[in-house]
């Protein structure tokens, strides 16, 4: 669905992998914070696929820009809080390593929403349109990706 977005952001962040995959290894979590606007029509090149998908449910959002991108290796069973723009935060906990189904289990708590527990395919971003609106009237969108292998 957002494979093009995932590839472009992953390349932009140099989120390469190395070494062997092992459930005992930490999971690399990549978080991209995006601001979407009703006042602009400019869409960052890297966000075109994301914008297309978000507009299916939120057609009034016309402009999309990357506000921040960050990564952290998080051990299985542990969590990390990512500081987002506009004094917001995203809590991420790794519930289980990559399983036989090729998915990693996470629990996240985006701004203005309750806990969301899900499994994600590695190297795919999971976008969440939050209810948070900045003082400029932009909506905060968070895209989360998990990879079971970290670079050495």
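The values are calculated or read from the model by the stated rules, or taken from the named source; none is laboratory data. Keep in mind it's a predicted model, so treat the numbers as computed, not measured. Note that each Cβ is placed from the backbone with ideal geometry, even for glycine, and that neighbours are counted across all protein chains shown.
Go through the stretch 58-82 and give me each residue that's more than 19 Å from residue 147 (Cα to Cα) and free of Cβ contacts under 8 Å to residues at least 12 places away in the same chain.
Residue satisfying the conditions is 59 alone.
Tell me, please, whether a residue that is over 17 Å from residue 134 (Cα atoms) and either in contact with a helix residue (DSSP H, G or I) (Cβ under 9 Å, 6 or more places away or on another chain) or modelled with pLDDT under 95 (or both) can be found in the stretch 61-70. Don't jump to the end; show me each part of the working.
Looking only at the stretch 61-70, we keep the residues that are over 17 Å from residue 134 (Cα atoms), and these are 69-70.
When the remaining residues are screened for being either in contact with a helix residue (DSSP H, G or I) (Cβ under 9 Å, 6 or more places away or on another chain) or modelled with pLDDT under 95 (or both), the result is 69-70.
Scanning the stretch 61-70 turns up at least one residue that is over 17 Å from residue 134 (Cα atoms) and either in contact with a helix residue (DSSP H, G or I) (Cβ under 9 Å, 6 or more places away or on another chain) or modelled with pLDDT under 95 (or both).
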